[in-house]
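The values are calculated or read from the model by the stated rules, or taken from the named source; none is laboratory data. Keep in mind it's a predicted model, so treat the numbers as computed, not measured. A quick note on method: Cβ atoms are made from the backbone with ideal geometry, for glycine too, and the neighbour counts reach across all protein chains shown.
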Amino acid sequence: MANFIELIESSLSQKKGVEFVEQEIKLLFSAIAGTNKIDDAELLFKNLEDIQFVLAKSIFKNGIKVTSFLKKFVYDFDRIDDNDTKKNLYNKIKSEAAQ
């Protein structure tokens, strides 16, 4: 998993990195929307947790500028380690994909 985190960190240091990270998040959301139950999305949520950690550090420590989508993502996924939060996010992602 270290390679994934390194990919996100190195991406954020490049010009188009923020766009890449946003697309990765949207792809993970899409994959979650395609699952049948929350247990099937566990690895996807782990990847989102890793992205959230790196992104939050980059925003608050390094001062990178991000889109409102990424700001909301960092806020919403701050407590992804909490099962109730994860269930709520899972249901939200599934319902938004159905619209």
Review point. Going by the conditions given, is N3 at pLDDT below 95 and not in a helix (DSSP H, G or I)?
Key: no
Point to revise | Check on V66, assigned to a helix (DSSP H, G or I) and either among the hydrophobic types (A, V, I, L, M, F, W, C) or buried (at least 16 other Cβ atoms within 10 Å of the Cβ) (or both) | key: no
Point to revise | Flag for K94 being touching a residue at least 60 places away in the same chain (Cβ under 8 Å) and either in a helix (DSSP H, G or I) or at positive phi (or both) | key: yes
Review point. Which is loosely packed, with under 15 Cβ neighbours inside 10 Å and not aliphatic (A, V, I, L, M), of K57, K94?
Key: K57
Check your understanding: In the range 1-34, what count of residues is obtained for those that are of a type in the set (V, I, T) and without any contact (Cβ under 8 Å) to a residue 40 or more places away in the chain?
Key -> 0
Revision key, fill the gap. Log entry, pairs with first residue in the range 40-56 being over 14 Å from S11 (Cα atoms), second being among the small types (G, A, S), beta carbons closer than 8 Å, six or more apart or on different chains, reads A41/A31; L44/A31
